[in-house]
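What follows is one structure encoded as structure tokens, with my remarks underneath.
The values are calculated or read from the model by the stated rules, or taken from the named source; none is laboratory data. Please read all numbers here as calculations on a predicted model, not as lab measurements. All Cβ positions, even for glycine, are placed from backbone atoms using ideal geometry, and neighbour counts span all protein chains on display.
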Ligand code: N01
């Protein structure tokens, strides 16, 4: 491998590394590689940086990890200078931050926007990749890094008659860049995951009528969003090194927070109620850290689920609507828990109705209505908050060909197989950032992104120093890792839910719990040990 130190890499159309995607992973990967003297080119299908925050512009979109923690830690100056305005940053502010990072670190000159990577083919003679981009141009790369995101392949479900609908159809994960005005319109919202739950209250404020079509009722905790004060910002800034260390090494999900010290059944009912109450009042994801066994023990989990179901009954005035909104199909937290602002209260509005499509699935979409159980619910616009082909979808849609021309789809027909979520045997010199088999979507994504980027950068540096050209996951090491990922998942309640973690939202997708649930600290130590032992489990030549 030869870092491009002489002639500009672009002239030769050959790079040490091609990075796919300019979200938070792609941007930081580029920054690290450039600093190490590697030539790198990023291809980004969007017109700007930001990845998920570039596409998900739906009303109410904001991050459910607090802004002071959902941010890069690699630059002390950056984390000291950026002023987050709210406890949970809205999409527009995160996108502004991404643009600030791109400018501050002069990233744009190595990013080509509005460009999809269509194909990446491994050449077994040269041990490199030929990468074909939209427009048909092919560039060569020794390494390819997929920074394609885990929730970037928005999926409109195949509902009968959808093509006949006369009004606009939006997807939350691919929202127009211009503001959408629902004033005076009857809006149908399909999907009640995080995106649907965030957008419903905002759409309801604007629309003439909002009809929410609910297949699975979801658990949601109030965000209690608020403006951040200088004191609150300083509390983080003055302690960032310890907060970041804790998030990386101690917290299971990469979020600095008080860790639970006991199980739910160790407390009396009154004490439990008080503890849940305090966390409900505080708001946010840490509701699930009330006890240390909520993800492990169904009886413990039921106590938290009952608490939230009780809250829904308290908030929603109409008893039958409240009952329908109460989740009963999965343990709390086993589908990604939602964080909302006034979601349940929205159903008290006279212009909002809820339609159960679990008991009676949507029969058909007509020119102006959604038909359920023979009744037409007339709508002028449809919002699909129907989620993503998560974790594997964005890898599968690139025409990747590894050894023997094999595609990831062929190899992953029974579920994704990777070693550490970083590489998959048969696809040498191809890294995935926050891939399946790593903590990824179960964590604060930026913590996991930084860990993977640093690991990959260190690895490439090691290879350069050692004069190594090729790296590939060993099939045996990969099999052991996949077995471990499964074993850890099956020690928890998570596989009980029909979640996108399990691939359950995509008809025909294999049911495998995709992320690694062992915790970011444990995982980081495993990755560091692997590197410390000369990249054990990888074959390097
Ligand atoms: O997608 P989802 P999302 N007919 O897959 C329903 C992150 N995120 O975009 O549960 C009818 O969770 C589906 O029903 P069911 C976060 O990690 C974060 O909301 O499959 N309904 C479900 O209700 C999150 O988990 C933030 O039965 C259909 C909904 O559509 C992830 O992204 C904000 C259907 C899809 O929910 C994905 O969230 C937003 C069909 N054919 C997203 N197909 C924050 O940071 C699907 N559904 C706050």
Output yes when any residue across the stretch 530-541 is within 16 Å of the ligand (Cβ to nearest atom), in a loop (DSSP other than H, G, I, E, B), touching a helix residue (DSSP H, G or I) at 6+ places or on another chain (Cβ under 6 Å) and touching a residue at least 40 places away in the same chain (Cβ under 8 Å), and no when none is. no
Is it the case that residue 202 is in contact (Cβ under 8 Å) with a residue 60 or more places away in the chain and touching a strand residue (DSSP E or B) at 6+ places or on another chain (Cβ under 8 Å)? no
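Return yes or no: is residue 42 touching a helix residue (DSSP H, G or I) at 6+ places or on another chain (Cβ under 9 Å), in contact (Cβ under 8 Å) with a residue 40 or more places away in the chain, surrounded by 23 or more Cβ atoms within 10 Å (Cβ to Cβ) and assigned to a loop (DSSP other than H, G, I, E, B)?
On the way: touching a helix residue (DSSP H, G or I) at 6+ places or on another chain (Cβ under 9 Å): yes; in contact (Cβ under 8 Å) with a residue 40 or more places away in the chain: yes; surrounded by 23 or more Cβ atoms within 10 Å (Cβ to Cβ): yes; assigned to a loop (DSSP other than H, G, I, E, B): no.
Against the criterion (touching a helix residue (DSSP H, G or I) at 6+ places or on another chain (Cβ under 9 Å), in contact (Cβ under 8 Å) with a residue 40 or more places away in the chain, surrounded by 23 or more Cβ atoms within 10 Å (Cβ to Cβ) and assigned to a loop (DSSP other than H, G, I, E, B)), residue 42 does not qualify.
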Regarding residue 168, is this residue in contact with a strand residue (DSSP E or B) (Cβ under 9 Å, 6 or more places away or on another chain), at pLDDT below 95 and either more than 16 Å from the ligand (Cβ to nearest atom) or more than 25 Å from residue 446 (Cα to Cα) (or both)? no
Identify the single condition in (1) touching a helix residue (DSSP H, G or I) at 6+ places or on another chain (Cβ under 7 Å); (2) assigned to a loop (DSSP other than H, G, I, E, B); (3) farther than 26 Å from residue 384 by Cα that residue 59 does not satisfy, given that it satisfies every other one. (3)
Give me the residue from the stretch 496-513 that is in contact (Cβ under 8 Å) with a residue 60 or more places away in the chain and closer than 21 Å to residue 252 by Cβ and, out of that set, nearest to the ligand (Cβ to nearest atom). 500
Does residue 67 satisfy the condition of being within 16 Å of the ligand (Cβ to nearest atom), part of a loop (DSSP other than H, G, I, E, B), in contact with a strand residue (DSSP E or B) (Cβ under 9 Å, 6 or more places away or on another chain) and modelled with pLDDT of 95 or more? yes
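Among 141, 200, which is farther than 30 Å from residue 80 by Cα, touching a helix residue (DSSP H, G or I) at 6+ places or on another chain (Cβ under 6 Å) and either surrounded by 19 or more Cβ atoms within 10 Å (Cβ to Cβ) or modelled with pLDDT of 95 or more (or both)? Give the derivation first.
Details: 141 fails: touching a helix residue (DSSP H, G or I) at 6+ places or on another chain (Cβ under 6 Å).
Criteria check complete, one pass: 200.
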Restricting to the stretch 90-124, what's the tally of residues that are more than 15 Å from residue 47 (Cα to Cα) and in contact with a strand residue (DSSP E or B) (Cβ under 7 Å, 6 or more places away or on another chain)? 8
Picking from 331, 361, which residue would you name as being within 16 Å of the ligand (Cβ to nearest atom), surrounded by 19 or more Cβ atoms within 10 Å (Cβ to Cβ) and either over 23 Å from residue 63 (Cβ atoms) or modelled with pLDDT of 95 or more (or both)? 331
So residue 146 ticks every box in (1) under 20 Å from the mean Cα position of the chain (by Cα); (2) within 16 Å of the ligand (Cβ to nearest atom) but one. Which box is left unticked? (2)
Sole miss for residue 262 among (1) part of a loop (DSSP other than H, G, I, E, B); (2) within 26 Å of the chain's Cα centre (by Cα) is condition (2)
Failed criterion for residue 91 (all others in (1) in contact (Cβ under 8 Å) with a residue 60 or more places away in the chain; (2) over 30 Å from residue 541 (Cβ atoms) hold): (1)
How do the pairs read when you match residues in the stretch 64-79 that are without any contact (Cβ under 8 Å) to a residue 60 or more places away in the chain with residues anywhere that are away from the ligand (no atom under 16 Å from the Cβ) and assigned to a loop (DSSP other than H, G, I, E, B), using Cβ under 9 Å and keeping only pairs 6 or more apart or on different chains? 75/105; 78/72; 78/105
